[in-house]
Every structure is written in structure tokens, then in C-alpha cells.
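Undergrad: Next up is a structure, given as C-alpha cells.
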Amino acid sequence: MVLAAGVATRLGGRPKPLLQVDGVPLIRHLVRALTDAGMSQLAVVTGHRAEEIEAVLADCPVALVRNPDYATGQLSSLRAGLAALPHDLDAILIALADQPLLTARDLGALLAAFARRGDADIVRPRSQGRFGNPVVMAARLRDAVTEGPPDSGVRHWMAHHPDRVAHFDTDCEHYFVDIDTPEDLQRVRQRHARDARLPDGTFHG
């Protein structure tokens, strides 16, 4: 089971899910990777410019969840997405719609790491002291990770329960690359040879 949460970008107010990667909106690229990895149920949370994001997913097998409180922070989107998921789940994968390099193979490797996690409740990618995304958590944490103030959430929960977090150690950069700025966009183009552009088809901020 998957939760893909998209939030507004700092790229001049443009929404991250509509950034283009090789001519495909980023949120559509992510949904394709998730379905190719075997995810059969997906919930996508929208907020900023929701109608445009929902339009590019009109033919995709996802549940669209609109968060009217998206401006209050990422936790509100997490809560909205988790509330939309069925309760007969073993695990929930939480993905952010700003990672242009993720593939079905990457997601499959992360899910395999969760399957062999032992007693841990959350698995997250790690490389040389850096922590990446997505993360996979036991579904029983659904309520625990959304309790607390607006700046809490999965990261807050992990910080307070480090003994219950397992790390998927990897050299794959895909888990650690996201797009927040025009410089990030240019870096993806130059370092990773991907045609990453703004929603209007340009690649300058």
C-alpha cells in the first residue's frame, strides 16, 4: 500500500508534482514506478493546484485525496492520505512527489528491505550518514505518526524511537535526489542526464 503526498514547490509557486521528467509529469512518473513495483492500491494527496495534478492522473489507478489544509504543512497531507487508506494493511510506503529518479526497481528493493527488517517498525534508505525517501512503515503506526503538533509526523516519530527504525544501506542515489530549487532541476539535468523541466516546459527558474 502506498501514500504519495505532493506539496507546493519553492520553484516560484509551481507545484512539484507537475515538474516534467523526460516529458512526463513527475507525479505520473512516480505512480508508474509504484504500480510497476507491484503496488495495487495508491492514494495521492493533492493540495496546491489540485485540479491540474488530478487531471494528469485521470487515467491512473489511484485514489485522489484532496487536502484543503495543505498550507498548514506536510503533516496535514499525511493525515489525509492515511485516513483514506483501508485498515487491513500490513505496511504503508510513504513517497514524496519530488524525487525524479526513483524506479520500480528502487521501490522493490526498499520493500524487500522492509520484509526482512526484523523487529523494526520503519525502514528508510541510508547512505554515508544521509537519510532518503521513501520510507516504509508498519501499518499499526498509522495513528502514532500523526499525533502531536503540526511539525511532527514520521520524521518526528523516528527521532523519538530510533531503536525501532531499520536502515536500508545503499549506494543508489535515487533515494536521495529531490527537486526544491532551480539549481536542483539543473543538477538533475547535468549530473543524472534526465530531461527535467518546469511544468511550462522550460528549465530555468
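Undergrad: So which residues in the stretch 114-158 are surrounded by fewer than 16 Cβ atoms within 10 Å (Cβ to Cβ) and at positive phi, if there are any at all?
TA: Hits for the stretch 114-158 are Gly118, Gln128, Gly129, Gly148.
Undergrad: Has the stretch 146-157 got any residue that is at pLDDT 95 or above and aliphatic (A, V, I, L, M)?
TA: no
Undergrad: Since Arg66 meets every condition but one in (1) within 17 Å of Pro134 (Cβ to Cβ); (2) of a type outside the set (A, V, I, L, M, F, W, C); (3) modelled with pLDDT of 90 or more, which condition does it not meet?
TA: Going through the list (1) within 17 Å of Pro134 (Cβ to Cβ); (2) of a type outside the set (A, V, I, L, M, F, W, C); (3) modelled with pLDDT of 90 or more, Arg66 breaks only (1).
Undergrad: Out of all the residues in the stretch 35-56, which are crowded, with 20+ Cβ neighbours inside 10 Å and not in a helix (DSSP H, G or I)?
TA: Answer for the stretch 35-56, where residues must be crowded, with 20+ Cβ neighbours inside 10 Å and not in a helix (DSSP H, G or I): Met39, Leu42, Ala43, Val44, Val45, Thr46, Gly47.
Undergrad: Of the numbered conditions (1) surrounded by 19 or more Cβ atoms within 10 Å (Cβ to Cβ); (2) on the phi > 0 side of the Ramachandran plot, Ile179 fails exactly one; give the number of that condition.
TA: (2)
Undergrad: Another question, then. Just give me the residues in the stretch 57-72 being farther than 12 Å from Pro15 by Cβ and either in contact (Cβ under 8 Å) with a residue 24 or more places away in the chain or not in a loop (DSSP other than H, G, I, E, B) (or both), in sequence order.
TA: Leu57, Cys60, Pro61, Val62, Ala63, Leu64, Val65, Arg66, Ala71, Thr72
Undergrad: If you don't mind, there's one more thing I want to ask. Could you identify the single residue in Asp119, Asp106, Asp184, Asp163 that is more than 23 Å from Ala37 (Cβ to Cβ) and touching a residue at least 40 places away in the same chain (Cβ under 8 Å)?
TA: Answer to the selection: Asp119.
Undergrad: Looking at the stretch 47-60 only, could you name the residues that are at pLDDT 90 or above and in contact with a helix residue (DSSP H, G or I) (Cβ under 9 Å, 6 or more places away or on another chain)?
TA: If the condition is that a residue be at pLDDT 90 or above and in contact with a helix residue (DSSP H, G or I) (Cβ under 9 Å, 6 or more places away or on another chain), then Ala50, Glu52, Ile53, Val56, Leu57, Cys60 are the ones that fit.
Undergrad: Could you list all residues from the stretch 4-26 that are surrounded by fewer than 17 Cβ atoms within 10 Å (Cβ to Cβ), aliphatic (A, V, I, L, M) and modelled with pLDDT of 80 or more?
TA: Result: Val24, single match.
Undergrad: Here are the criteria: (1) without any contact (Cβ under 8 Å) to a residue 24 or more places away in the chain; (2) under 18 Å from Asp143 (Cβ atoms); (3) buried (at least 17 other Cβ atoms within 10 Å of the Cβ). Tell me which single one Leu75 does not satisfy.
TA: Only one criterion is unmet by Leu75, namely (1).
The values are calculated or read from the model by the stated rules, or taken from the named source; none is laboratory data. Quantities reported herein were computed from a predicted structural model and do not represent experimental measurements. Every residue, glycine as well, gets a Cβ built from its backbone with ideal geometry; the counts of neighbours run over all protein chains shown.
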